[in-house]
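The values are calculated or read from the model by the stated rules, or taken from the named source; none is laboratory data. Note that the structure is a prediction, hence the values are computed from the model and not measured. Cβ sites come from the backbone with ideal geometry, for glycine too, and all protein chains shown count toward neighbours.
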């Protein structure tokens, strides 16, 4: 691109058209969208942004007890209502007769395979438990009539009951301490009573300011009736699973000061008949996700000892059903396992492991011998195993979005494909190549990442490049399919995304490398990765752009305060000022105080040193900020502080406040479209963009 770029900075006509289309979609004017070419591409064949409105995902696959059928959730976009919806589909285990079953989510087969329990809203919008019979009649029964949403649905072993969790108002509400007698005149229209808060955790992103409730375990007859609350007290009880002898197992921390012990949880056994609760683990540290063995003699779970480290990997642990003889099985792996599944014969445990940029199925014996059952540059997950040993899960890679497959649990390589949910919209659409890259940072640390090049890529050309930074900060990008980045590549951008130090999935030492130093050397890792890609010669170093959300927004704001190498940036849903952030964040904010060596009232210097706001005077890069107006995780007041500091210095900036969004800017389909378009609108405004996109498409 160097030497041939025009001097004028401009927005391409196609980007402007897409911007108008996205606004039309958000306003319900579907007819204003541009025409889509046959096979799901844009008129020139590349991946079209509006393809997102036809995108589907599959999840929560469950095998019938006899292994003959798979029921799963299929998520799709309601284009007019601007939201994601979920339907249940069913397919034979050999891939035949894939068909819609009923609208809903969270399907669960009864132990005898005659029924499926699931969740679906009633006419008033309240989520209810329903049961569908799997005979020829296919009758569906609404089991509950709840005013609060149930979750964590599970069948009892005998198929007569369903357990679930649900929030319940506090037994001793704070309001009892604040009873007052107002001298209100008859008929007076006074303002509502104030919200009185005494709890440590009182707000939550995507929920808002919390009612004074606690999560409890319930059971209800599978034939319908009044649910029975099994647990009591003003304490949270986590998701329950049925254990030996008809008992229930759950994790939580049943202590009066549980909110202050945010890094601790134990596993408990609950007797449904008496309500008696017995702790099975008592160590300091998070023990969670208990799964009983098929014969009920053992319980597998995920946990670790408490630590002063900011980040530490957990392991699979095993204990007897009474809590005795706890022992670790996978500590040497130094990676945190995902969902656990017992082998049908109880000889070992299958588990998901998202690590080192990919995801694979592993198996561990009761003696702790770990075997990786899948491998390669893809993401493979295990959702369920039938008693006969047949398993079901999802597989995806950089060019194939996730679909469901059935396979023997011991031999996932011999898999049968069950779904092809996005094959129609991607048919004939050229995608950008995805290359895995490893970069050596300033101190020898190896940094993992990926580069997407535009369709029709010509290594002799120079392309603009976006650096994308993940959040967390203990998150992990992976080598799977990413629609957003492929769509940017289809518009002529090289896209670089990496896992700098502090990322999860690379072991405790790597993940903890940013303790008391975030942002810090992770910034150096990002710049080293940018330099490595520039050295290849196909990126225009005068047209570099950077963006990220949440922890990625933090680092983006840090980047522009420490270098001027990027033409434009977008710090989305960022933390800007650590001094004010901890008092504004939702959930248990003590977790964020733990990221610093001292409380700010003891010594504010570290909070100041690590705040992007401290370096706003150095910023010369045009920096946009995008945040949801409802965000409670990185509240929009953080965005406002950076915006106002930039405006006070008359530096180029813009603030985009997303309506209806909590943390992030893309939960609503139309806001995902807007996020893509506003990013490129800003980058094209400040960069020099020639016809690289059109040329790349023609050559493709």
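The table below lists the values:
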| quantity | calculated |
| --- | --- |
| Candidate set: region 433-465, residues that are within 24 Å of the chain's Cα centre (by Cα) and either within 13 Å of residue 490 (Cα to Cα) or free of Cβ contacts under 8 Å to residues at least 24 places away in the same chain (or both); chosen: the one surrounded by the fewest Cβ atoms within 10 Å (Cβ to Cβ) | 435 |
| Answer from 241, 306, 281 - the residue that is buried (at least 16 other Cβ atoms within 10 Å of the Cβ), part of a loop (DSSP other than H, G, I, E, B) and out of contact with any helix residue (DSSP H, G or I) (no Cβ under 9 Å at 6 or more places or on another chain) | 281 |
| Criterion: over 15 Å from residue 359 (Cα atoms) and outside any strand (DSSP E or B) - qualifying residue of 475, 388 | 388 |
| Matching residues, region 478-513, being touching a helix residue (DSSP H, G or I) at 6+ places or on another chain (Cβ under 8 Å) and assigned to a strand (DSSP E or B) | 494, 495, 496, 497, 498 |
| Residue check, residue 287 buried (at least 20 other Cβ atoms within 10 Å of the Cβ) and either touching a helix residue (DSSP H, G or I) at 6+ places or on another chain (Cβ under 9 Å) or modelled with pLDDT under 95 (or both) | no |
| Lone qualifier among 571, 557 - being within 22 Å of the chain's Cα centre (by Cα) and within 23 Å of residue 641 (Cβ to Cβ) | 571 |
| Selection from region 408-418 of residues that are in a strand (DSSP E or B) and under 22 Å from residue 481 (Cα atoms) | 416, 417 |
| Failed item in (1) buried (at least 24 other Cβ atoms within 10 Å of the Cβ); (2) touching a helix residue (DSSP H, G or I) at 6+ places or on another chain (Cβ under 8 Å), with residue 597 passing the rest | (1) |
| Unique match (being more than 23 Å from residue 674 (Cα to Cα) and either surrounded by 21 or more Cβ atoms within 10 Å (Cβ to Cβ) or modelled with pLDDT under 95 (or both)) among 475, 492, 471 | 475 |
| Lone qualifier among 234, 223, 266 - being in contact with a strand residue (DSSP E or B) (Cβ under 6 Å, 6 or more places away or on another chain) and in contact (Cβ under 8 Å) with a residue 24 or more places away in the chain | 234 |
| Criterion violated by residue 646 - all others in (1) touching a helix residue (DSSP H, G or I) at 6+ places or on another chain (Cβ under 7 Å); (2) within 21 Å of residue 473 (Cβ to Cβ) satisfied | (2) |
| Residue check for residue 156: in contact with a helix residue (DSSP H, G or I) (Cβ under 9 Å, 6 or more places away or on another chain) and under 13 Å from residue 220 (Cβ atoms) | yes |
| Filter pass, residue 621 being buried (at least 19 other Cβ atoms within 10 Å of the Cβ), in contact with a helix residue (DSSP H, G or I) (Cβ under 8 Å, 6 or more places away or on another chain) and farther than 20 Å from residue 523 by Cα | no |
| Condition broken by residue 259, with the remaining ones in (1) in a loop (DSSP other than H, G, I, E, B); (2) within 25 Å of the chain's Cα centre (by Cα); (3) more than 20 Å from residue 326 (Cα to Cα) satisfied | (1) |
| Failed item, numbered, when residue 591 is tested on (1) touching a residue at least 40 places away in the same chain (Cβ under 8 Å); (2) out of contact with any helix residue (DSSP H, G or I) (no Cβ under 8 Å at 6 or more places or on another chain); (3) part of a loop (DSSP other than H, G, I, E, B); (4) closer than 27 Å to residue 198 by Cβ | (3) |
| Selected residue (only one of 165, 174, 160, 114 is farther than 21 Å from residue 88 by Cα, surrounded by fewer than 17 Cβ atoms within 10 Å (Cβ to Cβ) and at pLDDT 95 or above) | 160 |
| Test result for residue 597, part of a loop (DSSP other than H, G, I, E, B) and either closer than 18 Å to residue 517 by Cα or more than 19 Å from the chain's Cα centre (by Cα) (or both) | yes |
| Qualifying residue in region 627-638 (condition: at pLDDT 95 or above and in a strand (DSSP E or B)) | yes |
| Among (1) surrounded by fewer than 18 Cβ atoms within 10 Å (Cβ to Cβ); (2) over 24 Å from residue 677 (Cβ atoms); (3) touching a residue at least 12 places away in the same chain (Cβ under 8 Å) - the single one residue 610 does not satisfy | (1) |
| Filter result (over 30 Å from the mean Cα position of the chain (by Cα) and on the phi > 0 side of the Ramachandran plot) within region 124-164 | 138, 159 |
| Top-ranked residue in region 76-98 [being in contact with a helix residue (DSSP H, G or I) (Cβ under 6 Å, 6 or more places away or on another chain) and not in a strand (DSSP E or B); ranked as farthest from residue 50 (Cα to Cα)] | 82 |
| Residue satisfying all of: in region 315-369; in contact with a helix residue (DSSP H, G or I) (Cβ under 7 Å, 6 or more places away or on another chain) and touching a residue at least 40 places away in the same chain (Cβ under 8 Å); surrounded by the fewest Cβ atoms within 10 Å (Cβ to Cβ) among these | 334 |
| Looking only at region 393-415, and only at residues there that are under 16 Å from residue 56 (Cβ atoms) and out of contact with any strand residue (DSSP E or B) (no Cβ under 6 Å at 6 or more places or on another chain), the one that is surrounded by the most Cβ atoms within 10 Å (Cβ to Cβ) | 401 |
| Hits in region 637-652 - residues which are more than 29 Å from the chain's Cα centre (by Cα) and in contact (Cβ under 8 Å) with a residue 12 or more places away in the chain | 645, 646, 649, 651, 652 |
| Any hit, region 68-75, residues being closer than 29 Å to residue 675 by Cβ, in contact with a strand residue (DSSP E or B) (Cβ under 6 Å, 6 or more places away or on another chain) and not in a strand (DSSP E or B) | no |
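Let's see how each residue does on (1) surrounded by 15 or more Cβ atoms within 10 Å (Cβ to Cβ); (2) assigned to a loop (DSSP other than H, G, I, E, B); (3) in contact with a helix residue (DSSP H, G or I) (Cβ under 8 Å, 6 or more places away or on another chain):
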site	(1), (2), (3)
192	no, yes, no
199	no, yes, yes
223	no, yes, no
234	yes, yes, no
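Rundown of residues vs (1) farther than 30 Å from residue 343 by Cβ; (2) part of a strand (DSSP E or B), yes/no style:
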position: 393; (1), (2): no, yes
position: 405; (1), (2): no, yes
position: 420; (1), (2): no, no
position: 425; (1), (2): yes, no
position: 435; (1), (2): yes, yes
position: 439; (1), (2): yes, yes
position: 448; (1), (2): yes, yes
position: 451; (1), (2): yes, yes
position: 460; (1), (2): yes, no
